[in-house]
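Accompanying notes for the structure given below.
The values are calculated or read from the model by the stated rules, or taken from the named source; none is laboratory data. In this text, all values refer to a predicted model and were calculated from it rather than measured experimentally. Positions of Cβ are backbone-derived with ideal geometry, glycine not excepted, and every protein chain shown enters the neighbour counts.
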Amino acid sequence: MRKSSFHPKGGKGPQRSSGGRPQPRGGQTQSIHASLPKSWRQITGTHAVKEVLRVRPQSVKQAIVQKNLMSTPEVKELLAIFRDHDIRFEERAEPELAKITQSHQGVIVFSDYNPAFDYTHQAWEHESMIVALDGVEDTHNLGAILRTSWLMGVSGVIIPSDRAVGLTPTVHKVACGGAEHVEIARINNFNEPFEKLKEAGFWVYGLSHKAEKSIYDIEYPEKVIWVLGAEDKGLRSTTERVCDELVSIPQAAADASYNVSVATAMALAETKRQWAAKNKK
């Protein structure tokens with residue numbers, strides 16, 4: 001172990017009325033969702049929708065808006081942006097949106113851009129952090145981690161290809177726009193990416209209750225990977241073995257544990273705190 005010192009534009013589909021609002025063709029009421037490419041991201045939650053429209057509006061190909069919320073300030077603001085960017089939208093009753101996700105806040109947009117974290121071709125900053133999640137399956141946890149990672153300047157997130165949640169509508173909503181700023185790499189195992197990243201100067205720290213040192217006992221280098229385990233099981237033994245060092249977060253009760261999104265925030269914040277302190281010297 002190393003030591004640390006619907007339809008795309010131009011296709012068939014709903015036609016705009018003279019008022020600028022698209023109307024279902026021939027009064028059809030079939031699900032828009034079913035007709036759209038499965039590869040398109042489904043983004044919901046007003047904050048998440050605003051952020052994708054701000055960062056990459058050209059990727060948004062279709063939107064669904066809840067009929068009885070068209071006059072609310074939040075939705076009216078989004079409708080104005082849709083029109084400014086010529087984004088197709090349809091008005092549908094709430095049950096149509098609920099079929100896609102329960103927590104839609106009255107609007108769902110579909111983006112053809114899928115953010116993929118390429119850890120092999122990255123121009124790393126002087127100080128860089130990466131988060132690796134070993135089997136996180138809760139949508140709210142992944143969403144919260146993406147939101148925190150965005151605000152902490154994380155370069156990317158690595159998650160397993162299976163037994164892990166991906167970018168669901170709920171994840172986008174909870175992330176509040178973080179998914180547009182922190183890309184994700186889905187891989188079979190952590191060995192290959194960690195080896196490449198170690199060659200680039202990264203040190204890998206796994207959060208584990210088995211560790212003798214706490215996150216406050218380590219002096220972190222300029223490139224750090226934080227690895228966190230699943231909500232109920234923690235890190236797998238195979239993942240622990242590819243970490244350079246295991247560390248823990250102090251807690252008052254030994255038989256409990258921090259929520260994985262909270263633990264992520266604490267680890268990232270301590271790393272940033274140390275970097276800031278060094279830069280002041």
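crowded, with 18+ Cβ neighbours inside 10 Å, touching a helix residue (DSSP H, G or I) at 6+ places or on another chain (Cβ under 7 Å) and of a type in the set (S, T, N, Q) - does that describe any residue in region 207-221?
Yes, there is a match, as at least one residue in region 207-221 is crowded, with 18+ Cβ neighbours inside 10 Å, touching a helix residue (DSSP H, G or I) at 6+ places or on another chain (Cβ under 7 Å) and of a type in the set (S, T, N, Q).
In region 143-173, how many are within 22 Å of Q105 (Cβ to Cβ) and part of a loop (DSSP other than H, G, I, E, B)?
So the answer is 4.
Only residues that are in contact with an Asp or Glu (Cβ under 8 Å, 6 or more places away or on another chain) and either among the β-branched types (V, I, T) or closer than 16 Å to V165 by Cα (or both): list them for region 184-201, please.
A185
Of the numbered conditions (1) at pLDDT below 95; (2) touching a strand residue (DSSP E or B) at 6+ places or on another chain (Cβ under 8 Å); (3) surrounded by 15 or more Cβ atoms within 10 Å (Cβ to Cβ), V224 fails exactly one; give the number of that condition.
Status for V224: all satisfied but (1).
Which ones in region 264-281 are modelled with pLDDT of 95 or more and either under 18 Å from A132 (Cβ atoms) or assigned to a loop (DSSP other than H, G, I, E, B) (or both)?
Matches in region 264-281: T264, A265, M266, A267, L268, A269, E270, T271, K272.
Is it the case that E137 is in a helix (DSSP H, G or I) and either of a type in the set (D, E, K, R) or at pLDDT below 90 (or both)?
Details: in a helix (DSSP H, G or I): no; either of a type in the set (D, E, K, R) or at pLDDT below 90 (or both): yes.
Spelling it out, it is not the case that E137 is in a helix (DSSP H, G or I) and either of a type in the set (D, E, K, R) or at pLDDT below 90 (or both).
Can you report the number of residues in region 52-83 which are assigned to a helix (DSSP H, G or I), under 20 Å from the mean Cα position of the chain (by Cα) and either closer than 18 Å to S39 by Cα or not basic (K, R) (or both)?
Taking region 52-83 as the starting set, the residues that turn out to be assigned to a helix (DSSP H, G or I) are 52-55, 57-59, 67-69, 73-83.
Retained after the next criterion (residues that are under 20 Å from the mean Cα position of the chain (by Cα)): 52-55, 57-59.
Right, trim to either closer than 18 Å to S39 by Cα or not basic (K, R) (or both) and you get 52-53, 55, 57-59.
The number of residues fulfilling the criteria is 6.
Evaluate region 62-75: report whether one residue or more is of a type outside the set (S, T, N, Q) and closer than 30 Å to K223 by Cβ. Working first, answer last.
The initial filter retains those residues of region 62-75 that are of a type outside the set (S, T, N, Q), namely 63-65, 67, 69-70, 73-75.
Retained after the next criterion (residues that are closer than 30 Å to K223 by Cβ): none.
No, that holds for no residue.
Give T239, T264 a once-over and let me know the one that is surrounded by 23 or more Cβ atoms within 10 Å (Cβ to Cβ), among the polar types (S, T, N, Q) and within 20 Å of the chain's Cα centre (by Cα).
Numbers: T239 fails: within 20 Å of the chain's Cα centre (by Cα).
Criteria check complete, one pass: T264.
Pick from Q23, Q62, Q28: which is in contact with a strand residue (DSSP E or B) (Cβ under 7 Å, 6 or more places away or on another chain), at pLDDT below 95 and over 30 Å from G153 (Cα atoms)? Walk me through how you get there before you give the answer.
Numbers: Q62 fails: over 30 Å from G153 (Cα atoms); Q28 fails: in contact with a strand residue (DSSP E or B) (Cβ under 7 Å, 6 or more places away or on another chain).
So the residue among Q23, Q62, Q28 that is in contact with a strand residue (DSSP E or B) (Cβ under 7 Å, 6 or more places away or on another chain), at pLDDT below 95 and over 30 Å from G153 (Cα atoms) is Q23.
Of the numbered conditions (1) out of contact with any Leu (no Cβ under 6 Å at 6 or more places or on another chain); (2) farther than 21 Å from V60 by Cα; (3) at pLDDT below 95, A132 fails exactly one; give the number of that condition.
Only one criterion is unmet by A132, namely (3).
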